[in-house]
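**Q** The structure is given below, and queries will be raised subsequently.
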Amino acid sequence: MQRNMGTLDRLVRSLVVAPAAVLVAMWFGLDTVGGIVALIVAGVMVATSVVGFCPLYALTGTCTIRSARSGGTGRSA
């Protein structure tokens, strides 16, 4: 499993998206289907941020790590 998430991507997922998903879960109610789905989304965002790997990025060939090899565009070559 090779990392495919850059630092900014990981920070946004863990500090913006995951807390927002928790707030949405609280708004829906933690015992509703919408709340549970939002909590799962929050968990996935935190987990992918911690490991630096996103399976969806792997399927689409996306890489948000900036490197000299890719020209700094964030897309894999």
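Laboratory data are not the source of any read-out in this text; all were calculated from the coordinates shown. No experiment lies behind these values; they were computed from the predicted model shown. Every residue, glycine among them, receives a Cβ derived from its backbone with ideal geometry; neighbour counts consider all protein chains shown.
**Q** Out of all the residues in the stretch 43-61, which are within 9 Å of the chain's Cα centre (by Cα) and of a type outside the set (S, T, N, Q)?
**A** Passing the criteria: Val44, Met45, Val46, Ala47, Gly52, Phe53, Cys54.
**Q** Are there any pairs, at least 6 apart or on different chains, whose C-beta atoms fall under 7 Å, with the first in the stretch 33-59 and free of Cβ contacts under 8 Å to residues at least 12 places away in the same chain and the second of a type in the set (A, V, I, L, M, F, W, C), and if so, which?
**A** Here the result reads Gly34/Phe28; Gly35/Ala25; Gly35/Phe28, each pair linking the stretch 33-59 to a residue that is of a type in the set (A, V, I, L, M, F, W, C).
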